[in-house]
Amino acid sequence: MDGVNLDWIDKARAGDGDAFRKALAPYRRELQLHCYRMLGNFQDAEDALQDTLLSAWQGLPGFEGRASLRTWLYQVATHRCLNLRRTAGRRPAKAWDVPHIEPPEPTRLGEVVWLEPYPDELLDGAFDVAPGPHAVYERSESISLAFVTGLQLLPPRQLAVLILRDVLGFSASEVAGMLDTTLESVTSALKRARAGLQRRSLVAGHAAPPARESPAENALATKFTQAYETGNLDALVALLTDDVFVSMPPMPLEYQGLEAATRFFASIFGAGRRFTLLPTRANGQPAFGAYVLAPNGIRHGAGLFVMTLAGDRICALTRFESSVLPWFDLPRSLPPTT
């Protein structure tokens, strides 16, 4: 721990709340992202972060400095998230509620209906500390929707171990100490977690996505926008991989494969609805606020699309509720065009 933090911690132990906030400020964004990976839900992550800060304040007298302040905070945050996973009821699935559209039969019903997107704007400051030497995931992969979804399907202890070891790069002995367990238990949990994540991967075997905001990524985003705004089904389908995956939490309907996805988007475009898309970014991926045109010319928020890219194609599209739009500084509605 550096001298400045140590000085603030000493003051915080004496009851100085401002010193406590200063000591923790450098870690706030990365702890929020950690909670999001653990819980898969943006709102739950914010609640967990607040619980972590409160627990850290209350537990400060017991912090002896044998580990770094950052390691101790990750220990507190991980236990808060594990407690939430054990005690909090997950948000229930939501029934289809798009008026005048009857969706086709889904390929399957999804399990992770509580999944929410994470605004890229909040990633600033979340990666100020480089991952430890044991990390195996690149930054972009570790925040992707596919990765976060896969994490949610792991048992809680396996989930915690995989994040602490493979994403953050803590050593096995550090993780054992943080979780109050043995090295053997950490090693076993990590092995099972890696296998479980691999089995459930929806993007394994795909080409790598284009670089962030590269000409290739921008070209795909432009083509998607043009196809969706004009209701051009053929143009949209031409952008999708053969095994494309379409999901829409908290609605559990999922469509796997080009034929199923085509039927789904045909039902959307066939209803005569017309959209305007506004670009943003979520989970390190291109995203769009979608607005549907009303008879009075006002365009109402209809959801948020997040694209998962593979080479020059889209291998997954995830649609979220319009309630998430304000997290991305997107309006709830757009005025009529003039």
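Structural remarks
- Selected from Phe288, Phe224, Phe20 as most flexible by GNM, with the chain as the system and alpha-carbon contacts under 10 Å: Phe20
- Counting 0.36 nm for each residue step from Ala266 to Ser68 and taking away their Cα separation leaves a gain of 65.8 nm.
- Over the chain, volume per residue of the alpha carbon convex hull, in Å³: 150
- Between Gly303 and Ala290, Ser322, the built amide H atoms are under 5 Å apart, and every one of these is 5 or more places off in sequence or on another chain.
- Listed by chain and number, the lysines placed with their C-alpha closer than 29 angstrom to that of Lys22 are Lys11; residues fewer than eight positions away on the same chain are left out.
- Entry note: region 25-96 has Rg to Rh equal to 1.05, where both radii use alpha-carbon atoms and Rh is the Kirkwood radius.
- Look at Thr262, Thr52, Thr187 and count the other Cβ atoms within 10 Å of each Cβ; fewest to most, that gives Thr187, Thr262, Thr52.
- Across region 306-317, coupling constants 3J(HN,Hα) worked out from phi with the 6.51/-1.76/1.60 Karplus curve, θ = phi - 60°, read 10, 9, 9, 9, 9, x, 9, 10, 9, 9, 7, 10 Hz, and Gly and Pro carry x.
- When the Gaussian network model of the chain links Cα atoms closer than 10 Å, the mean-square fluctuations of Val324, Val136, Val306 top out at Val136.
- Amide N proximity, region 54-74 versus Ser171 label position 7 Å along Cα-to-Cβ, cut-off under 14 Å: 67-68
- Panel note: the C-alpha atoms of region 111-216, placed on their principal axes, show extents of 48, 32, 26 Å (largest first).
- Exposure proxy shown here: for Leu159, Leu154, the number of other Cβ atoms within 10 Å sets the order, fewest to most, as Leu154, Leu159.
- A full extension of the chain between Lys191 and Arg313 corresponds to an added length of 40.7 nm, given 0.36 nm per residue minus the alpha carbon distance.
- Taking label positions 7 Å along the Cα-Cβ direction at both Asn232 and Ala216, the computed distance is 2.2 nm, reported to one decimal.
- Result for the chain in a Gaussian network model with C-alpha springs under 10 Å: among Asp51, Asp97, Asp120, the largest mean-square fluctuation is at Asp97.
- Rg of the Cα atoms in region 215-334, relative to 2.2 N^0.38 Å, amounts to 0.99.
- Fully extending the segment from Asp128 to Asp180 would add 16.0 nm, taking 0.36 nm per residue of separation and subtracting the current Cα-Cα distance.
Bear in mind that the values in this text are calculations on the coordinates, not laboratory data. Because the structure is predicted, anything quoted here is derived from the model rather than measured. Counting neighbours? That spans all protein chains shown, and the Cβs are built from the backbone with ideal geometry, glycine included.
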